[in-house]
Every structure is written in C-alpha cells, then in structure tokens.
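**Q** Pasting a structure here, questions to come.
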Amino acid sequence: MRHHLYNPDFHFVKDPVEFNKYTDRNVLQYCLGATMYMPGHRDFTEAILTRKYPGLTAMVMCFEDACRLEDVPRAEENSVHMLDVLAEKLEKGEITYADLPLLIFRVRNMEQFRHFASMLKPEHMKVLAGFNFPKFNAENGEAYYAFLRELNDRFGEILYGMPIIEDRTVAMKETRMTELLGIKAILDRYRDLVLNVRVGATDFSACFGARRDVEYTIYDIMTVRDILMDILNVFSRDGDYVISGPVWEYFKAKKSMRFQELPKVNIQESLMRREPLVSAEVDGLMRELILDKANGFIGKTIIHPSHINYVNGILAVTREEYEDALQVLGASGGVVKSGNANKMNEIGPHHLWAERLVARAEAYGVIENKHSYLELFGTN
C-alpha cells in the first residue's frame, strides 16, 4: 500500500514509501492518514478487492457508533467472512499487501472485544492490523491493552491498539488533566502496541450541545478546542505519540468535486481568506486540515471516500520544508540560514519538528511547492 494512488501520474520530488501492517512502527504510525470508518455489518470485501477507493490505505470496521446493538452479531459474522476471504486470497497469491489497506476493527466495549477475538483464526492475523478502543479512559484502558497483549502472544503476531479519547471525564475541565495523565500512564506501559492516538470531537461537542457548522472548523468551538489543546500537550510532547485529527462531518453528495482549473494559488492563504475553491464542504475540510497540521495532528478520521485525497494530500511535504528539516538534522548545533535564505533554522529548538516532518515526508512524499497541492488532490 502507498499513499496517493488515486493520482498515479503525479510527479513527486520524493515518492512516498510502501507500507503494510509489518512496517516498522516508527514509520507506520505516520501512515494512517485518512482512516475511513465503515459500518461493521456492511460487506466491503469486493470494494477492497476491486480497489474501489484507490487512495484508501486505512479502514475501520465499526461495531460501535456506526452499528446498532442488534446488528453487532451480523457485523461480527460479516467481518470474519471478510477476513476469511482476504486471508485466503493473500495465501494463494491472488492479492498482495500492496492491495490491502490497514484493516482495523472498532470494538464496542471490552465484552464485545473478547467475543469478537474468540472468532478470530491464526490466518486472519496476516490481514488484521489492530483495533480501535472507543471511550478509552483511565478505568477501562488497562483491560483493553492487557487483552491486546494476550492476543499478540497467543497468535505470535503484531496487532496494534488505537485508543479513542472521547470520554466525558476528558471533556470536563475539572477532571481532564488527571484523566489524561492516567491514560498516558497506560499507553506508556504498552507503547509498542500503540499505533496512534485518536480523538472524538463529536462526542466532546455533544457534552456542550455544540456542533460546528460547515463554515467553521473545530478550532472555532472554544470548549472543544481547549480539550484538543490539552490532549496534544500531554500526548505529543517530545514526539511520544502520533495523534490523529477529529472527523469532518460534511461531504458533498455530488460525485464530481473537482477544481474547474488548477489556479496557481497558495492554498493556505486562499482558504484562510475564505476564497472559494471547490465547495463549502471541501473548503471547510481543507481549512480544518491546515489547522490540524499546524497544531500537530497527523491524519484524520473520515466518513466519506471523497475526503481521502484532501486528507492525505495536505500531509505531503514541500521541497522547502523538507530541505529545511534535513539541514536541521544534519547540523550539530547553533543557528543556520535556510537554503532559501528566507528563515532561521535553529538546530536545537527545531530538531523535533524536523524529525516529525521527515517522517511525514516518508509517508506522504515531497512535492515541489504549495502550488502543487491542488494538482496532487486531483479529481474525486
């Protein structure tokens, strides 16, 4: 699997890398990108085999919010069938890891996690990347990861866990920091099994009866912005964990969402000035993606395939950024003038930024400049 396969003719300065569930965690944690959530009771086997969504590199089969309680047994059977088919085709050589997105299951609770795990077979492990843990908190987190460790030992495979921080105790200011530090203590004990940290801004918004309009980003909702700021503070310091951005709820039903032309614009400046580019839904998504990236989120939960190009595209790194990062990582200390002679690169303070940027460049590639983003997004 590789990012941006929806636009195979695009020319990169540096191509993104190939990856699969066995890729080194230090690289793989940056690769999730646009992670599409799908109801667990719907059969997406054929969509995977036919590459219906060529840019899709990570998908979550959901047993929780996207699945009614009465549909869970059907969703489990459907998911096992999908694993059976994919594992068999992989074994026979009819597909390869280049054809398989990272396949993740969002369990409903600990009881359902155990039940679904009892249905898994050794051959499933080759195509199963891991699990999402909803409403993850300091009380239930240890049980999730202890059982995940047990599964890894039982099957002799790597299965990752991704906590979704969306609990009410995190939303409430008086309990937030104690809760976040409790969660981090759990993740630190199981660091090798943590692929990334996810956040549930919709659940946070619900605590305050808020919902962002298509004209706003999640950062305009002050109560939620405050929560996200604290999550970043606790989990992204010193590069401890990669944190994925919250879902964007809006999509345009019209299938064709493309730029009438590819104007030579600075996409960031245009979006921040609210100049129309594609549609209210897509422009709002891109505006939020720019703020996600600026604040340290990498990747995003998505609910519609039309979002894939934009989420993964915006994570590509420009040549100037990449060269600055390499300059920082290649120096022993001090302050140097950038290769473009337009900024100061301070070796110590910019070192972690440079490490993260180079990792992102590995996953999403390097493009010529900011004008290249629109071309990379291509056509949906």
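Throughout, read-outs are computed from the coordinates displayed, never taken from laboratory work. Remember, predicted model here, so these are calculated numbers, not experimental data. Cβ: placed from backbone, ideal geometry, glycine included. Neighbour counts: every protein chain shown.
**Q** Could you tell me which residue out of Tyr144, His115, Met177 lies farthest along the dipole of the stretch 112-235 toward its positive end? Charges go on the beta carbon: Lys and Arg +1, Asp and Glu -1, centred on the Cα centre.
**A** Comparing the listed Cα positions along the dipole, His115 ranks first.
**Q** Please give, to one decimal in nm, the separation of the simple spin-label points placed at Asn26 and Glu123, each 7 Å out from Cα toward the Cβ.
**A** The answer from the label model is 3.6 nm.
**Q** To the nearest 20 debye, what is the magnitude of the charge dipole of the chain about its Cα centre, counting +1 on the Cβ of each Lys and Arg and -1 on the Cβ of each Asp and Glu? All intermediate terms of the calculation are to be shown ahead of the outcome.
**A** On the way: 46 positive and 55 negative charges, 80 e Å.
Magnitude of the dipole: close to 380 debye.
**Q** Looking only at the stretch 349-367, which residues have a backbone nitrogen under 14 Å from a spot 7 Å from the Cα of Val336 in the C-beta direction?
**A** 349-351, 354-355
**Q** Quick check on the stretch 317-364: take the gyration tensor over C-alpha atoms, sort the square-rooted eigenvalues as a ≥ b ≥ c, and tell me if it's rounded (a/c under 1.5), prolate or oblate. Intermediate values should be presented prior to the final figure.
**A** Values: a/c = 2.47, a/b = 1.38, b/c = 1.80.
Cα axes put the stretch 317-364 in the oblate bin.
**Q** Anything over 29 Å Cα to Cα? Flag those among Lys126/Lys300; Lys21/Lys300; Lys293/Lys343; Lys135/Lys293; Lys173/Lys293; Lys14/Lys121, in the order listed. List each step's numbers first, then the result.
**A** Values: Lys126/Lys300 25 Å; Lys21/Lys300 18 Å; Lys293/Lys343 20 Å; Lys135/Lys293 24 Å; Lys173/Lys293 25 Å; Lys14/Lys121 39 Å.
Distance filter (> 29 Å) returns Lys14/Lys121.
**Q** Here's something else I'd like to know. With +1 on each Lys and Arg Cβ and -1 on each Asp and Glu Cβ, and nothing else charged, work out how big the dipole of the stretch 317-364 is about its Cα centre, in Debye to the nearest 20.
**A** Computed about the Cα centre, the dipole is about 60 debye.
**Q** Out of the DSSP beta bridges found with both residues in the chain, what percent are antiparallel (nearest 5)? Could the numbers behind the result be given before it?
**A** Numbers: 4 of 32 bridges.
Antiparallel bridges make up about 10 percent of those DSSP assigns within the chain.
**Q** Right, here's the next one. As I understand it, the value is the acute angle between the Cα axis of helix 351-364 and the longest principal axis of the Cα atoms of the chain; what does it come to in degrees, rounded to 10?
**A** Around 70 degrees separate the two axes.
**Q** After finding the eigenvalues of the alpha carbon gyration tensor for the stretch 1-77, what semi-axes result from the square roots of 5 times each, listed largest first in whole Å? Numbers along the way, then the final one.
**A** Working: eigenvalues 167, 44, 19 Å².
So the equivalent ellipsoid measures 29, 15, 10 Å along its semi-axes.
**Q** Hey, what did the chain get for relative contact order, percent, Cα under 8 Å, at least 6 apart?
**A** Details: 652 pairs, mean separation 77.7, N = 380.
About 20 percent, as a whole number.
**Q** If I build a Gaussian network model for the chain, linking alpha-carbon pairs within less than 10 angstrom, which residue out of Asp192, Asp292, Asp283 has the largest mean-square fluctuation?
**A** Asp192
**Q** Mind grabbing the base-10 log of I(q)/I(0) for the stretch 44-201 at q = 0.21 Å⁻¹? Debye formula, identical points on the C-alpha positions, no solvent, two decimal places.
**A** -1.42
**Q** Calculate how large, on average over all directions, the projected area of the Cα convex hull of the stretch 152-245 is; give the answer in nm² to one decimal. Walk me through the numbers before you get to the answer.
**A** Details: hull surface 27.9 nm².
Average projection, Cα convex hull of the stretch 152-245: 7.0 nm².
**Q** Hey, with R₀ at 45 Å, roughly what FRET efficiency would Ala98 and Met222 work out to, going by the Cβ-Cβ distance, to 0.05? Please list the in-between numbers first.
**A** On the way: r = 44 Å, r/R0 = 0.97.
The calculated FRET efficiency here is 0.55.
**Q** Putting +1 on Lys and Arg Cβ atoms and -1 on Asp and Glu Cβ atoms, find which of Val336, His351, Val60 reaches farthest to the positive end of the dipole of the chain.
**A** Looking along the dipole axis, the top candidate is Val336.
**Q** Of the options Leu32, Leu86, Tyr22, report the single residue whose Cα projects farthest towards the positive end of the charge dipole of the stretch 1-112 (beta-carbon charges: Lys, Arg +1; Asp, Glu -1).
**A** Farthest towards the positive pole: Leu32.
**Q** Okay, next question. Could you give the nm distance between label points at Arg191 and Ala206, where each point is 7 Å from its Cα heading toward the beta carbon?
**A** 3.4
**Q** May I pose another question? Could you give the radius of gyration (one decimal) and Dmax (whole number) of the Cα atoms in the chain, in Å?
**A** Just the Cα atoms of the chain yield Rg and Dmax of 20.4, 62 Å.
**Q** Let me spell out the model: positive unit charges on the Cβ of Lys and Arg, negative unit charges on the Cβ of Asp and Glu, origin at the Cα centre of the stretch 1-125. What dipole size does that give, in debye rounded to 20?
**A** Result for the stretch 1-125 is approximately 260 debye, rounded to the nearest 20.
**Q** With a Förster radius of 35 Å, plug the Cβ-Cβ distance of Met110 and Ala47 into 1/(1 + (r/R0)^6) and report the FRET value to the nearest 0.05.
**A** On the way: r = 30 Å, r/R0 = 0.85.
Plugging the Cβ-Cβ distance into 1/(1 + (r/R0)^6) gives 0.75.
**Q** Hey, how many Å between the Cα centroid of the stretch 119-147 and the Cα centroid of the stretch 46-95?
**A** 16
**Q** Convert each backbone phi in the stretch 130-142 into a coupling constant with the Karplus relation 6.51 cos²θ - 1.76 cosθ + 1.60 (shift: θ = phi - 60°), then list the ³J(HN,Hα) values in order as whole Hz, x for Gly and Pro.
**A** 3J(HN,Hα) across the stretch 130-142, in whole Hz: x, 9, 9, 10, x, 6, 5, 8, 6, 8, 9, x, 4.
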